[in-house]
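Structure first, commentary second.
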């Protein structure tokens, strides 16, 4: 089976406001139609456009078949169906260009319904009370039993819907009406409240909020580091110099907490670890302050469009005691990463005298960081 998608975007609708048709208005940095096209990525797409919009359509949809729309929506769809005849398409989805929030799950439900029906369409059951009105007064009520709010895409077996459009006498509300006029059964599948059609100015704000939530990129990374004790009188932990009867052994300043956090950020970015960016074989990093590494990781995240949501560092040791220094460590890590201290947690635990940390042979650290790209 081969499925194509017809996206109808030839209208000149003005109810949405603005100086240009709603499908070309901007929504979170790209046109409404560009969002709609993205929802059907991977399918063969036929885009029905107004003749005046060809240059814009070619710019946002290279490789997509462009068809000029007709005087009515039904004629526009028929033009697209005729363009697909003989191409091997067996199924077709017909969708409004001003519905940019269709989900892959909804498309999957429609495809599944076509296994047993010649047509299928998404809908949401009417749950509100219905009135009849005149002169802005309520003049009666209407039962909502058996009523549904229709959505697109509407899905059909290709030969049947092409024949139905060829036989239809004129305009229609949608393709379900055309199909039913030809005697085709159309299954109702579960629609989606988020699959709204942009009609009025307020719809753009709602769609923007939904797209923001859908497009948010959230990454999480973990880091782990260990350093052994050596002779000395202090240790560097999370950027704070802590008096101790040993030092930590390492190529740099051996700040085990900062190293784990740095690796957590690199991990969330899928950018390796400290060793990839600051090779220990390079003598320029011998004895280097670890804030260099952490600042580099945090800046790299920002350059890639991410903000630090929060990070959590746990130091594992018997001594030194971390509690008296935790607030200073929190503040220093926040300063280096240029984030609010409330986004940084520093805490400690012991290993109950077990293992190398329990024998006070060194310190381990575990860190987690969440990055967010809005």
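The values are calculated or read from the model by the stated rules, or taken from the named source; none is laboratory data. The model shown is predicted, which means the values in this text are computed figures rather than measured ones. Cβ: placed from backbone, ideal geometry, glycine included. Neighbour counts: every protein chain shown.
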Could you name every one of the helices (runs of 4 or more DSSP H) located completely within the range 32-111 that has at least 1 residues being surrounded by 18 or more Cβ atoms within 10 Å (Cβ to Cβ) and touching a residue at least 60 places away in the same chain (Cβ under 8 Å)? 32-39, 73-84
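Just checking, which of 204, 200 is out of contact with any strand residue (DSSP E or B) (no Cβ under 7 Å at 6 or more places or on another chain), in the same structural domain as residue 101 (by TED's automatic domain parsing) and either surrounded by fewer than 13 Cβ atoms within 10 Å (Cβ to Cβ) or over 28 Å from residue 86 (Cα atoms) (or both)? Break it down stepwise before answering.
Numbers: 204 fails: out of contact with any strand residue (DSSP E or B) (no Cβ under 7 Å at 6 or more places or on another chain).
Unique residue meeting the criteria: 200.
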Note on residue 192: of the conditions (1) in contact with a helix residue (DSSP H, G or I) (Cβ under 6 Å, 6 or more places away or on another chain); (2) surrounded by fewer than 19 Cβ atoms within 10 Å (Cβ to Cβ); (3) more than 30 Å from residue 147 (Cα to Cα), unmet is (3)
Name the one entry in 276, 302 that is within 16 Å of residue 336 (Cβ to Cβ), exposed (fewer than 15 other Cβ atoms within 10 Å of the Cβ) and assigned by TED's automatic domain parsing to the domain that holds residue 339. 302
Of these, 269, 211, which one is more than 23 Å from residue 361 (Cβ to Cβ) and outside the structural domain of residue 337 (by TED's automatic domain parsing)? 211
Does residue 119 satisfy being closer than 14 Å to residue 165 by Cβ and at pLDDT below 95? no
Can you list residue pairs whose Cβ atoms sit under 8 Å apart, with the first residue in the range 338-365 being assigned by TED's automatic domain parsing to the domain that holds residue 228 and closer than 16 Å to residue 262 by Cα and the second being assigned to a loop (DSSP other than H, G, I, E, B) and modelled with pLDDT of 95 or more? Count only pairs 6 or more apart in sequence or on different chains. 346/238; 346/322; 364/317
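Would you check which residues across the range 107-124 are under 24 Å from residue 172 (Cβ atoms) and out of contact with any strand residue (DSSP E or B) (no Cβ under 6 Å at 6 or more places or on another chain) and list them?
Here is the first cut: in the range 107-124, the residues under 24 Å from residue 172 (Cβ atoms) are 107, 109-111, 113-114, 117-124.
Scanning the range 107-124 gives 107, 111.
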Consider the range 127-142. How many of its residues are under 26 Å from residue 192 (Cα atoms) and either assigned to a loop (DSSP other than H, G, I, E, B) or touching a residue at least 40 places away in the same chain (Cβ under 8 Å) (or both)? 3
Which of the residues that make up the range 342-367 are under 28 Å from residue 214 (Cα atoms) and touching a helix residue (DSSP H, G or I) at 6+ places or on another chain (Cβ under 6 Å)? 344, 367
